[in-house]
Each structure stands twice: as C-alpha cells, then as structure tokens.
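Below is one structure; the comments refer to it alone.
The values are calculated or read from the model by the stated rules, or taken from the named source; none is laboratory data. Keep in mind it's a predicted model, so treat the numbers as computed, not measured. Glycine also receives a Cβ, built like all others from the backbone with ideal geometry; neighbour counts cover every protein chain displayed.
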Amino acid sequence: MRRLAQLTTFVIATLLLATAARSEAIAPKPFTAVYEVSYRGMRAGVLTLKLSRDDATGRYTYETTADPSMLARFFISRAAMEKTVMEIGPDGVRPLEWQFEDGKSSTDKDGHLKFDWDRNVATGVIEGEKIDLTLESGTQDRLSIQIDVVTSLLRGEPIGVIPLIDDNRIKRYDYAKKDTTQIDTKLGKLDAVIYESTRQGSDRRSRFWMVPKMEYLAVRAEQIRKGKVETVMVLQSVQ
C-alpha cells in the first residue's frame with residue numbers, strides 16, 4: 001500500500017513537472033501584423049503591431065505604430081508609439097515596462113510605467129499624473145493584455161477576468177467566448193473564434209475574431225459603444 005502511495009505521488013509530481021514544462025514552452029511566436037483601421041465608417045489609417053523576442057534575455061517586446069490617414073492626422077501623429085516589455089513564463093504574461101508617446105512636442109498625454117513584481121507595485125507617470133499602484137496577480141498594461149489573452153488560449157487555459165492598468169487605476173475586463181464562425185479575409189476564408197471583452201459599469205465592449213490556426217491572431221476587432229460599432233480593425237497582412 002505504501003509503495004502504491006509512493007508511486008502515485010511520483011506520477012502526480014511527474015505530470016505536474018511535465019505540465020509546467022509544456023506551459024513554459026508555449027508562448028506566441030514573434031510576428032508583425034498590419035491592420036487597416038476605420039472610425040465610424042471612415043478610414044483612419046494603418047496600425048502595425050509587432051511582437052519580438054530578445055534571445056539574450058528571453059523577454060518579449062510588443063509595440064504599435066500608426067500611419068494615420070490625412071483626416072486622422074488631426075488627432076494621431078505618425079510618430080505615435082506604444083510599447084510594452086514583458087516576460088512570458090509558466091504563470092503567464094508579466095509586463096515589466098510600458099511606454100506611450102503620442103508623437104507630439106508636448107508630453108502631457110504620454111505615459112510610462114515600471115512593474116516591480118518583487119514589491120508588487122507599478123510606478124510611473126500617465127498624462128502628468130504620478131502613478132503608484134499595488135499590483136494584483138495577473139495585472140496587465142494596455143498592450144500586454146493582448147498577449148496575455150493569446151497565451152492563455154494557446155495553453156488551453158480559461159481567460160476570465162483580467163486586471164488592467166488603464167489611466168490611473170486598475171480596471172477589470174472580462175473576456176468571454178461568444179461564437180465560432182468563418183470570416184472572409186485578405187488571407188482567405190478562415191475559421192475564427194469570437195471573444196468579447198466587457199467591463200462592469202462601462203457602456204463599451206470589444207469584440208475579436210481570433211483564428212486558432214494563426215495562433216489566435218485577431219483578423220478583425222471592433223470597439224462598440226452604446227451598441228454601435230465605432231472603431232474597426234481588419235488584418236491586411238502578417239509575417
């Protein structure tokens with residue numbers, strides 16, 4: 001009986017180690033994706049999302065750059081940039097540093113955060129306001145949350161509620177699977193899973209068409225306010 005118990009303990013430990021190893025190995029592959037963006041039916045320009053990995057440190061960088069249309073340049077600069085540096089391990093995605101620059105001479109709208117996971121605090125400045133927040137487990141920034149969702153799906157893990165630092169506080173976004181469908185894209189007709197993100201007390205929600213065979217890359221995304229679609233992103237190319 002004792003030997004059976006020892007064998008059971010050994011098998012369980014082996015399975016746990018194997019699961020941890022698999023989880024650590026599963027992470028999104030680097031990519032560059034280009035999206036055409038429209039706002040309330042009008043073309044707003046092109047947005048490029050790039051995920052890269054530093055082989056020396058094992059850290060990931062995810063950044064966005066914009067090429068706004070002539071009309072959108074009144075609101076968005078070509079020099080606008082948002083970037084996050086993060087670690088992806090067995091416990092998922094942990095952002096380390098987030099930065100946003102609106103590309104204008106003034107820094108009033110810019111932001112910068114550093115995540116100290118040993119002390120469980122995030123500090124920095126967002127739009128001129130000093131930030132000093134206590135981190136919850138799984139807290140993300142505005143960009144790392146996208147990679148966190150993809151990583152969970154690749155690992156077959158539930159997404160659920162994700163705490164996110166947005167502006168000067170932590171907000172909680174609930175991700176739920178809505179449907180499976182086929183969608184016509186510039187890359188052909190693809191099988192997609194539709195997820196929606198909502199936040200309690202907000203009249204906004206986001207909807208994503210994510211393609212499993214493309215590592216859950218979103219081929220279409222919509223931002224909806226008061227039941228009306230405002231912003232649409234449609235994938236044009238991916239490398």
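Quick notes on this structure:
Yes/no per residue for (1) assigned to a helix (DSSP H, G or I); (2) hydrophobic (A, V, I, L, M, F, W, C); (3) out of contact with any His (no Cβ under 7 Å at 6 or more places or on another chain); (4) at pLDDT 90 or above:
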residue	(1), (2), (3), (4)
4	yes, yes, yes, no
10	yes, yes, yes, no
13	yes, yes, yes, no
23	yes, no, yes, no
29	no, no, yes, yes
34	no, yes, yes, yes
43	no, no, yes, yes
51	no, yes, yes, yes
57	no, no, yes, yes
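- Selection over the range 201-224 of residues that are closer than 22 Å to residue 51 by Cβ, in a strand (DSSP E or B) and of a type outside the set (Asp, Glu) gives a count of 12.
- Residues that are in a strand (DSSP E or B) and charged (D, E, K, R) were ranked within the range 107-121; the one that is farthest from the chain's Cα centre (by Cα) is 116.
- Residue in the range 139-155 that is more than 23 Å from residue 53 (Cα to Cα), within 20 Å of the chain's Cα centre (by Cα) and crowded, with 16+ Cβ neighbours inside 10 Å present: no
- First in the range 156-173 and touching a residue at least 24 places away in the same chain (Cβ under 8 Å), second anywhere and of a type in the set (Ser, Thr, Tyr), Cβ under 6 Å, 6 or more apart: 159/152; 159/175; 162/173; 163/139; 164/173; 173/197
- Pick from the range 202-238, criterion basic (Lys, Arg) and within 17 Å of the chain's Cα centre (by Cα), ranking: surrounded by the fewest Cβ atoms within 10 Å (Cβ to Cβ): 205
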